[in-house]
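Computed from the coordinates by the stated procedures, all read-outs in this text should not be read as laboratory data. Just so we're clear, the structure is a prediction, and the values are computed from it rather than from any experiment. So basically every Cβ, Gly included, is an ideal-geometry build from the backbone, and we count neighbours across all protein chains shown.
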Amino acid sequence: LARADAPRETLLLVDSGGQYVDGTTDATRTMHFGNATAAERRAYTAVLKGHVALDVAVFPEDTAGFVLDAFARKPLWALGYDYAHGTGHGVGAALNVHEGPISVSPRFSNQEVLKRGMVISNEPGYYEADAFGVRIENLLSIEPASDHNVPNGKKFLKFEALTLIPIDAGCVDVSMLDAAERAWIDGYHAEVRAQLAPLLSGERDAAALAWMMEMTAPLREA
């Protein structure tokens, strides 16, 4: 889809991925090539807040995925929004893009615990029939949270983002974000720049580099 052919009157949601020798990818971004409406920005920002909330979660070892599902839904529930799919699924290494047995979803029957080294998606969303849809999806690796040392020796885990794709700040209502959320978005975009800019150094990459730099600029104040 060329930029000139992209719809300008509504949001465009792209869920993409592929199978590679060194792994499997699954990523979703929602963009607007015109001007997002207030309703679209409100929904988009609620989804983004849910995405950030799960990304920064720190949780004890032996935690089942369903325990974390409400972290991502809370900002949407506060507005009367919800989505009818799970928040995250396991991802195989060059295997199934939806790889069990782990998940982050309201399915309380799935008691499988999240373990170090697993990869899981983070993809809250919101969909309004005959209007628009929003989803923001990154893949996350589960890593030890070494900065959480408690007297009884309990170990904790955290997430680290594997996906490095800009988030469309033009769809964000910055007034809905708190300071920590704004810092997360700017920090994520700084990491996208740091990792991708060296890979876009060729003459043919000038347009892609310019687009990436524009899309990862720090958030403007509301």
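With springs only between Cα atoms under 10 Å apart, run a GNM on the chain and tell me which of ALA210, ALA72, ALA169 wobbles the most.
ALA210
Given 0.36 nm per residue, what is the gain on full extension from MET213 to VAL150 after removing their alpha carbon distance, in nm?
That works out to 18.6 nm of additional length.
Between the helical axis of 38-55 and the dominant principal axis of the chain, each derived from Cα atoms, what acute angle in degrees is found, rounded to the nearest 10?
That helix lies at roughly 30 degrees to the long axis.
With Rg/Rh (Cα atoms, Kirkwood Rh) as the read-out, I listed [x] 0.97; [y] 1.00; [z] 1.19; which label goes with the value calculated from this structure?
Read-out from the structure maps to [x].
For PHE132, what residues show an amide H to amide H distance below 5 Å, using hydrogens built from the backbone and excluding near sequence neighbours?
none
Run the helix sum for the chain: -39,500 (n - 2.57) per DSSP H stretch of 4+ residues, divided by residue count, reported at 222 nm to the nearest 500 deg cm²/dmol.
So the calculated ellipticity at 222 nm is -8000 deg cm²/dmol.
Taking the Cα atoms only, what angle lies between the long axis of helix 206-215 and the longest principal axis of the chain, rounded to 10 degrees?
Taking Cα atoms only, the helix is inclined about 60 degrees.
Roughly what angle does helix 179-196 make with the longest principal axis of the chain, taking Cα atoms, 0 to 90 degrees, to the nearest 10?
For helix 179-196, the angle is close to 70 degrees.
Given Cβ point charges of +1 (Lys, Arg) and -1 (Asp, Glu) and nothing else, what value in debye, to the nearest 20, does the dipole of the chain about its Cα centre take?
Roughly 300 debye for the chain.
Checking the a/c ratio against 1.5 first, then a/b against b/c, what shape does the Cα gyration tensor give for segment 158-220?
Judged from the Cα gyration tensor, segment 158-220 comes out oblate (a/c at least 1.5, b/c at or above a/b).
How long is the gain from LEU79 to ASN96 if the chain were fully straight, where each residue apart is worth 0.36 nm and the alpha carbon distance is subtracted?
Numbers: separation 17, 0.36 × 17 = 6.12 nm, distance 3.42 nm.
Taking LEU79 through ASN96 to full extension adds about 2.7 nm, to one decimal.
Sketch the reach of a paramagnetic label on LYS115 as a point 7 Å from Cα along Cα-to-Cβ, and name the residues of segment 47-67 whose backbone nitrogen lies under 11 Å away.
62
Which pairs in the list LYS49/LYS74; LYS74/LYS154; LYS115/LYS158; LYS115/LYS154 are over 18 Å apart, alpha-carbon to alpha-carbon?
Working: LYS49/LYS74 9 Å; LYS74/LYS154 27 Å; LYS115/LYS158 10 Å; LYS115/LYS154 14 Å.
Violating the 18 Å Cα-Cα cut-off are LYS74/LYS154.
Would you please give the residues with an amide H less than 5 Å from that of LEU162, counting only those at least 5 places away or on a separate chain, with H modeled from the backbone geometry?
Under 5 Å from the amide H of LEU162 lie the amide H atoms of LEU139, LEU140, SER141, each far enough along the sequence or on another chain.
For ALA180 and GLU221, FRET efficiency with R0 = 22 Å and r from the beta-carbon atoms, rounded to 0.05?
0.90
Contact order normalised by length for the chain, with contacts defined as Cα pairs under 8 Å and 6 or more residues apart; what percent is it?
21
Would you mind checking which residues have amide H under 5 Å from VAL104's amide H? H placed 1.01 Å from N; only 5 or more apart, or other chain.
Those lying under 5 Å, H to H, from VAL104 are THR87, GLY88, HIS89.
Between rounded, prolate and oblate, where does segment 22-125 land on the alpha carbon gyration tensor, with a ≥ b ≥ c its root eigenvalues, rounded for a/c under 1.5, else prolate if a/b exceeds b/c?
Details: a/c = 2.37, a/b = 1.47, b/c = 1.61.
Oblate shape, in that a/c is at least 1.5 and b/c is the bigger or equal ratio.
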